[in-house]
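Contents: one structure, followed by commentary.
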Amino acid sequence: QVQLVESGGGLVQAGGSLRLSCAASGTIFRIYTMGWYRQASGEKRELVATITSGRSTNYADSVKDRFTISRDNARNTVSLQMNSLKPEDTAIYYCKAAITTTLVGVMGDYWGQGTQVTVSS
């Protein structure tokens with residue numbers, strides 16, 4: 001069984017910063033791409049940023065130059081540094097990871113439970 005646990009959400013004023021972290025634990029053979037997604041109230045879940053095991057990154061246009069994704073392969077963690085936050089960044093942020101649990105196992109997508117980020121104007 002695999003678990004992803006996020007931390008670091010909260011309330012911040014516009015222009016401020018927050019750092020989200022996500023730790024994967026359980027029966028893990030290998031972690032491939034990790035990423036952050038968000039879902040605002042009444043909206044669809046959307047991609048924020050992803051990072052491959054080789055540390056290639058991809059960002060949504062709305063967060064480029066403000067957010068930075070990073071990972072620690074030894075600790076099975078992924079982080080999202082969020083700077084210059086805007087009220088429109090308010091959402092529940094979810095961690096996602098593509099993981100195989102055995103050498104020959106099928107890769108599956110695992111999600112965290114989400115952490116609330118609220119940016120006040």
- Cβ-Cβ below 6 Å, separation at least six or inter-chain, first residue in the range 82-98 and part of a strand (DSSP E or B), second of a type in the set (Phe, Trp, Tyr) and open to solvent by 50 Å² or more (accessible area, probe 1.4 Å): which pairs? Tyr94/Trp111; Lys96/Trp111; Ala97/Tyr110; Ala98/Tyr32
- Query: What strands (runs of 3 or more DSSP E) lie completely within the range 2-64 and have 3 or more residues being over 16 Å from Thr115 (Cβ atoms)?
  - Reply: 30-39, 46-51, 57-59
- Note on the structure: When the range 6-22 is checked residue by residue, the ones that are of a type in the set (A, V, I, L, M) and either open to solvent by less than 70 Å² (accessible area, probe 1.4 Å) or in contact with a Cys (Cβ under 8 Å, 6 or more places away or on another chain) (or both) are Val12, Ala14, Leu18, Leu20
- Selection from the range 71-80 of residues in a strand (DSSP E or B) and closer than 25 Å to Leu103 by Cα yields Arg71, Asp72, Thr77, Val78
- Message: Can you pull out every residue in the range 101-120 that is among the polar types (S, T, N, Q) and modelled with pLDDT under 95?
- Response: Thr101, Thr102
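Yes/no per residue for (1) surrounded by 14 or more Cβ atoms within 10 Å (Cβ to Cβ); (2) charged (D, E, K, R); (3) without any contact (Cβ under 8 Å) to a residue 24 or more places away in the chain:
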| residue | (1), (2), (3) |
| --- | --- |
| Ala24 | yes, no, no |
| Tyr37 | yes, no, no |
| Leu47 | yes, no, yes |
| Arg55 | no, yes, yes |
| Thr77 | yes, no, no |
| Thr100 | yes, no, no |
| Tyr110 | yes, no, no |
| Val117 | yes, no, no |
- Every listed condition ((1) open to solvent by 40 Å² or more (accessible area, probe 1.4 Å); (2) of a type outside the set (Gly, Ala, Ser); (3) closer than 15 Å to Cys22 by Cβ; (4) touching a residue at least 12 places away in the same chain (Cβ under 8 Å)) holds for Asp72 save (4)
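The values are calculated or read from the model by the stated rules, or taken from the named source; none is laboratory data. Computed from a predicted structure; not experimentally measured. As a convention, Cβ positions derive from the backbone with ideal geometry for all residues, glycine included, and neighbour counts pool all protein chains shown. For accessibility, only protein heavy atoms count, side chains too; no ligands or nucleic acids. Shrake-Rupley method; radii C 1.70, N 1.55, O 1.52, S 1.80 Å.
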